[in-house]
Amino acid sequence: MTKYSHLLGICCALLLGGCQTVEQLSIDYMLPAEVSFPPSLKRVAVVNNMPSIPDNKLIVEETDEKKKDETEIARKTKYFNGNAKITTEALAEALAALDALVLINVAVLVLIQIDRVLGAHIHAGVRNAALAAVGEVESLTESLNVDFLIALENIQIRSLRKIEYLREWGVYAGTIDVKVYPTVKVYLPNRNGPMVTINTNDSIFWDYAAPSIAQAGAGLISETEMLKEASEFAGTVPVKYMLPHWKTASRYLFTSGSVNMRDAAVYVRENNWEQAIELWKQTYEKKKKGKQKMYAAYNVALGYEMQDSIQTAEEWALKAQKEAYDIDKIEEKKKQGGIDVSDVPNYFAVTRYLNELQERKEGMTRLNVQMERFKNDF
């Protein structure tokens, strides 16, 4: 679960107040890539351009950190260079998989090891010398019959290993929380330096519970296997910055409080969003103010989003936000001092949803431009 979805779940739990029934739904939608490639770029080689000792290495001596509380038995942080070969292979495979899913017309994915093709440069220890020069990029793209190169420049890994005693369960819990930091650059022929540099990060997690400390530690993934899996995971992380990608998000539907709200929930289960929206609109118009009016507006926004009418969904989410502002008495609380999330659960939950709608809206123009080049492939 992402931090975002976790926060939204907390907000909706607060919003319920014990008197409103909520159903959780999932929605899949496409987001644009951070990088837009010219239509002429259709064939790509994925290469490993990571030197044996990266300039911006994170490697330090392993450290034992201070225990945070009495339940924490052990904590150890370590830093590694990832396995560049595994990460490069995973990057190529992830690009190929999205090619099939979203019709990104990358015609050829060629995986090579740059230390084999341009070994003299790498063994000389010159950082990125092999791909920094215009002539080298042009020569490589020509020999591979591709339009551009996607190069892994660096992969670093930070692992946090902990063992804690869970009193409520009477067991010891071992966890390994790993953060990966891949760096990727895109090179074009006849261009001095990379077209774009993508520095990104993400996390992967393992856990194991057992009745003893020794068993909890022994049950965790080995360091060798952890490095292998983390390196593979790292190859998938930069892809969303380069290609349009699908996102699965949680949504929350308010289903009680009136006959209309209950009947609308039945329509939703039948995937009849039009009828459900009509009932929610009736509730919204009928109520002068209050939570039922806010719930109805929120649901209408969700209904339109489910039909990909993002502009209209945003308009109704703004109406829900206005109701939430009054319900949580934000003006009054502003005068009294600072406002905590727990003090404004309705406004916070609705605003989070509104922000996600606006993210979708802002990305639609860019997404349409990126997908236009593939219109003949649909």
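The listed residues are 247, 287, 240, and the only one of them that is closer than 25 Å to residue 318 by Cβ and surrounded by 15 or more Cβ atoms within 10 Å (Cβ to Cβ) turns out to be 287. Here is the figure for the stretch 155-182: residues that are closer than 29 Å to residue 88 by Cβ and free of Cβ contacts under 8 Å to residues at least 60 places away in the same chain total 5. Do the conditions hold for residue 321, that is, is it free of Cβ contacts under 8 Å to residues at least 60 places away in the same chain, under 23 Å from residue 364 (Cα atoms) and surrounded by fewer than 15 Cβ atoms within 10 Å (Cβ to Cβ)? Against the criterion (free of Cβ contacts under 8 Å to residues at least 60 places away in the same chain, under 23 Å from residue 364 (Cα atoms) and surrounded by fewer than 15 Cβ atoms within 10 Å (Cβ to Cβ)), residue 321 does not qualify. Is it the case that residue 41 is in contact with an Asp or Glu (Cβ under 7 Å, 6 or more places away or on another chain) and at pLDDT 75 or above? So residue 41 fits the description; yes. All conditions in (1) part of a strand (DSSP E or B); (2) open to solvent by less than 40 Å² (accessible area, probe 1.4 Å); (3) touching a helix residue (DSSP H, G or I) at 6+ places or on another chain (Cβ under 9 Å); (4) at pLDDT 50 or above hold for residue 161, with the sole exception of (2). Against the definition (free of Cβ contacts under 8 Å to residues at least 40 places away in the same chain and on the phi > 0 side of the Ramachandran plot), how does residue 290 come out, yes or no? Answer is yes for this residue. Just one of (1) aliphatic (A, V, I, L, M); (2) touching a Leu at 6+ places or on another chain (Cβ under 7 Å); (3) farther than 14 Å from residue 23 by Cα fails for residue 297. It is (2).
Conditions (1) under 18 Å from residue 252 (Cα atoms); (2) out of contact with any Leu (no Cβ under 6 Å at 6 or more places or on another chain); (3) modelled with pLDDT of 95 or more, marked per residue:
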{"position": "289", "(1), (2), (3)": "no, yes, no"}
{"position": "292", "(1), (2), (3)": "yes, yes, no"}
{"position": "301", "(1), (2), (3)": "yes, yes, yes"}
{"position": "305", "(1), (2), (3)": "yes, yes, yes"}
{"position": "308", "(1), (2), (3)": "yes, yes, no"}
{"position": "315", "(1), (2), (3)": "yes, yes, yes"}
{"position": "320", "(1), (2), (3)": "yes, yes, yes"}
{"position": "327", "(1), (2), (3)": "no, yes, no"}
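Take residue 354 and decide whether it is part of a helix (DSSP H, G or I), modelled with pLDDT of 95 or more and open to solvent by 50 Å² or more (accessible area, probe 1.4 Å). Reasoning before the result, please.
Numbers: part of a helix (DSSP H, G or I): yes; modelled with pLDDT of 95 or more: yes; open to solvent by 50 Å² or more (accessible area, probe 1.4 Å): no.
So residue 354 fails the test.
For residue 257, the requirement of being open to solvent by 10 Å² or more (accessible area, probe 1.4 Å) and under 24 Å from residue 83 (Cβ atoms) is not met. Of the residues making up the stretch 268-299, those that are basic (Lys, Arg) and part of a helix (DSSP H, G or I) number 5.
Condition test on residue 317, is it assigned to a helix (DSSP H, G or I), under 25 Å from the mean Cα position of the chain (by Cα) and among the small types (Gly, Ala, Ser)?
Numbers: assigned to a helix (DSSP H, G or I): yes; under 25 Å from the mean Cα position of the chain (by Cα): yes; among the small types (Gly, Ala, Ser): yes.
Considered against the rule, which asks whether it is assigned to a helix (DSSP H, G or I), under 25 Å from the mean Cα position of the chain (by Cα) and among the small types (Gly, Ala, Ser), residue 317 comes out as yes.
Please pick out the residue among 72, 34, 61, 65 that is open to solvent by 60 Å² or more (accessible area, probe 1.4 Å) and at pLDDT 65 or above.
Details: 72 fails: open to solvent by 60 Å² or more (accessible area, probe 1.4 Å); 61 fails: at pLDDT 65 or above; 65 fails: at pLDDT 65 or above.
Criteria check complete, one pass: 34.
Got a sec? Which strands (runs of 3 or more DSSP E) wholly within the stretch 171-216 have at least 3 residues that are aromatic (Phe, Trp, Tyr) and open to solvent by less than 70 Å² (accessible area, probe 1.4 Å)? Outline the logic, then answer.
On the way: elements: 171-187, 196-199, 202-210.
Where strands (runs of 3 or more DSSP E) fall fully within the stretch 171-216 and carry at least 3 residues being aromatic (Phe, Trp, Tyr) and open to solvent by less than 70 Å² (accessible area, probe 1.4 Å), they are 171-187.
For the stretch 6-31: of the residues being hydroxyl-bearing (Ser, Thr, Tyr) and either in a loop (DSSP other than H, G, I, E, B) or farther than 15 Å from residue 253 by Cα (or both), which is modelled with the lowest pLDDT? The selected residue is 21.
The values are calculated or read from the model by the stated rules, or taken from the named source; none is laboratory data. Because the structure is predicted, anything quoted here is derived from the model rather than measured. Heads up, the Cβs are rebuilt from the backbone with ideal geometry, glycines too, and the neighbour counts pull from every protein chain shown. Side chains are part of the model used for accessible areas, which takes the heavy atoms of the whole protein and leaves out ligands, DNA and RNA. Shrake-Rupley method; radii C 1.70, N 1.55, O 1.52, S 1.80 Å.
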